[in-house]
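Comments concern the structure below.
The values are calculated or read from the model by the stated rules, or taken from the named source; none is laboratory data. Nothing here was measured: the structure is a model prediction, and the numbers come from that model. Cβ sites come from the backbone with ideal geometry, for glycine too, and all protein chains shown count toward neighbours.
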Amino acid sequence: MEKLYVIKIGGNIIDDEQKLESFLKDFAALKGYKILVHGGGKLATKLAAQLGVEQQMIDGRRITDAETLKIVTMVYAGYINKNIVAQLQANHCNAIGLSGADGNSILAHKRQHPSIDYGFVGDVDAVNISLVHALLQQQVAIVAAPITHDQKGQLLNTNADTIAQEMARSMSSLYQVELIYSFEKSGVLLDANDDATVISKINPGYYSELKAKELIFAGMIPKLDNAFAALQKGVHKVIIGKAEQLTQLVAGEAGTAIQME
């Protein structure tokens, strides 16, 4: 089976021009099949403030009303996505930017919640495996924006971590997929404030132990739950680590490897 890297880049790297430029150089140099899923950073929040569109967050998730949806679509699927694609082209990496509506690449439905109305937030139903596979086979890197659609003409704002996991899981029927979550920390840390306390490997038993002893930063738990869910659904390996260390993460020389055994 051929290897495919699905790499998620955190919003805070998007906000830092130099870090983003350096990361994209490393991504462009990565050999083989690859998909980059990006978050939105602070640009949407900044633009919303300039336009006088009030932003509402619940548990770190953005409530997406109709005006906010326009802003996040412009920013995520527009400026950020195309800026990344242009920088990859400058690094001799042929890339194509997609929202979920393009080529019907990611189908989703509006989130239903018993008590919270998240607005136009989407939960993923399906990834268009044949389209993604065809593009990859043309040696084109895919850059996926966190905007999906419901095939009824409605765009939806969707969590980028979830998109990365769903793409990795879906493509694992055709490729040996390595899912890499790259952000500002060096990996899963025993002490959230000390980058030197990286845990190099976590399996389900060790994860249960860490949670029981409350040794794991609460904000990292959804990422780890996602990682184990991906492994259970066929993803070969999940790595969590620092965006600036992408080359080492891929080589298994940095970050935290999440494994079933």
Hits in segment 207-261 - residues which are closer than 22 Å to Thr162 by Cβ, among the polar types (S, T, N, Q) and out of contact with any helix residue (DSSP H, G or I) (no Cβ under 8 Å at 6 or more places or on another chain)
Gln232, Thr256
Long-range neighbours under 9 Å by Cβ, at least six apart or interchain, first residue surrounded by fewer than 22 Cβ atoms within 10 Å (Cβ to Cβ) within segment 240-252, second among the aromatic types (Phe, Trp, Tyr) and outside any strand (DSSP E or B)
Glu244/Phe23
Which of (1) farther than 18 Å from Ala144 by Cα; (2) among the charged types (D, E, K, R); (3) not in a loop (DSSP other than H, G, I, E, B) is the odd one out, the single condition Lys31 does not satisfy?
(3)
Run down Tyr76, Tyr33 and say which single residue is modelled with pLDDT of 95 or more, of a type in the set (Phe, Trp, Tyr) and out of contact with any Gly (no Cβ under 7 Å at 6 or more places or on another chain).
Tyr33
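Yes or no, residue by residue, for (1) surrounded by fewer than 19 Cβ atoms within 10 Å (Cβ to Cβ); (2) over 13 Å from the mean Cα position of the chain (by Cα); (3) outside any helix (DSSP H, G or I); (4) not charged (D, E, K, R):
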site	(1), (2), (3), (4)
Leu131	yes, yes, no, yes
Gly153	yes, yes, yes, yes
Ala164	no, no, no, yes
Ser173	yes, yes, yes, yes
List the pairs whose first member sits in segment 75-90 and is surrounded by fewer than 13 Cβ atoms within 10 Å (Cβ to Cβ) and of a type in the set (Lys, Arg), whose second member is part of a helix (DSSP H, G or I) and modelled with pLDDT under 95, and whose Cβ atoms are under 9 Å apart, counting only residues at least 6 apart or on separate chains?
none
Within segment 187-201, count every residue that is touching a helix residue (DSSP H, G or I) at 6+ places or on another chain (Cβ under 7 Å) and of a type in the set (A, V, I, L, M).
3
Every residue from segment 7-17 that is more than 19 Å from Met220 (Cβ to Cβ) and either touching a strand residue (DSSP E or B) at 6+ places or on another chain (Cβ under 8 Å) or at pLDDT 95 or above (or both):
Ile14
Which of (1) over 30 Å from Ile129 (Cβ atoms); (2) surrounded by fewer than 19 Cβ atoms within 10 Å (Cβ to Cβ); (3) out of contact with any Gly (no Cβ under 8 Å at 6 or more places or on another chain) does Ile71 not meet, given it meets every other one?
(2)
